1. Run Thr36 past the list (1) crowded, with 16+ Cβ neighbours inside 10 Å; (2) touching a helix residue (DSSP H, G or I) at 6+ places or on another chain (Cβ under 7 Å); (3) farther than 16 Å from Gln117 by Cα; (4) not hydrophobic (A, V, I, L, M, F, W, C) and report the number of the one that doesn't hold.
2. Could you list all residues from the stretch 109-149 that are touching a helix residue (DSSP H, G or I) at 6+ places or on another chain (Cβ under 7 Å), modelled with pLDDT under 95 and either charged (D, E, K, R) or closer than 16 Å to Leu53 by Cβ (or both)?
3. Output yes when any residue across the stretch 91-108 is farther than 27 Å from Gly33 by Cβ, at pLDDT below 95 and not aliphatic (A, V, I, L, M), and no when none is.
4. With the structure loaded, tell me whether Gly112 is surrounded by 17 or more Cβ atoms within 10 Å (Cβ to Cβ) and among the small types (Gly, Ala, Ser) or whether it fails that test.
5. So the check is Cβ under 6 Å with 6+ separation or different chains; which pairs have a first residue in the stretch 98-123 that's more than 30 Å from Lys139 (Cα to Cα) and a second one that's among the polar types (S, T, N, Q)?
6. Quick one: which helices (runs of 4 or more DSSP H) lie wholly within the stretch 45-149 and hold at least 1 residues that are under 20 Å from Val19 (Cα atoms) and under 12 Å from the mean Cα position of the chain (by Cα)?
7. Quick check on the stretch 21-30: of everything there that is part of a helix (DSSP H, G or I) and under 16 Å from the mean Cα position of the chain (by Cα), which residue is surrounded by the most Cβ atoms within 10 Å (Cβ to Cβ)?
Amino acid sequence: MHIAFASDHAAVDLKAALVAWARAAGHEVADLGPETADRVDYPDYGYKLAAHLASGAADFGVALCGSGIGISIAVNRNPACRCALVSDPYAAALARQHNDANVIAMGARLIGPDMAQACLESFLAAAFAGGRHQPRVDKLGALAERESA
């Protein structure tokens with residue numbers, strides 16, 4: 001599985017820990033930055049992650065900032081992405097099962113590395129349930145297509 005990671009300066013340490021875990025678990029990883037804790041703007045990295053996923057270069061993405069909110073908004077600007085802000089493994093699994101999310105966002109100031117890893121593991125282990133959820137996910141894509149036309 002190919003997973004892309006991006007963060008802002010507030011989450012660079014959490015990103016490093018999750019990247020290390022993902023590599024150790026045998027996943028292909030794209031670390032889209034930043035590499036240091038020098039101040040950066042989360043939209044730049046959210047857009048970069050979204051473009052990477054939209055190009056087909058990764059299967060899933062992990063977006064991190066201080067709260068997880070700002071970067072999730074940035075990622076969701078791309079119609080190819082469905083980014084869910086999560087803070088526990090159950091929510092991470094539901095994001096995949098019910099919403100076919102391809103990106104999870106977490107807040108480094110709100111979640112520790114062990115819980116973040118548990119969320120990522122749960123997210124990656126879950127599969128989209130389809131069925132009654134498919135028409136809802138289809139509507140998300142239809143809205144994005146309608147707005148970009």
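The values are calculated or read from the model by the stated rules, or taken from the named source; none is laboratory data. Computed from a predicted structure; not experimentally measured. Positions of Cβ are backbone-derived with ideal geometry, glycine not excepted, and every protein chain shown enters the neighbour counts.
1. (1)
2. Scanning the stretch 109-149 gives Phe128, Val137.
3. Among the residues of the stretch 91-108, not one is farther than 27 Å from Gly33 by Cβ, at pLDDT below 95 and not aliphatic (A, V, I, L, M), which makes the answer no.
4. Criteria not met by Gly112.
5. Pairs that qualify, where the first residue is more than 30 Å from Lys139 (Cα to Cα) and the partner is among the polar types (S, T, N, Q), are Ile111/Ser87.
6. By residue number, 69-75, 89-99, 113-125.
7. Ala22
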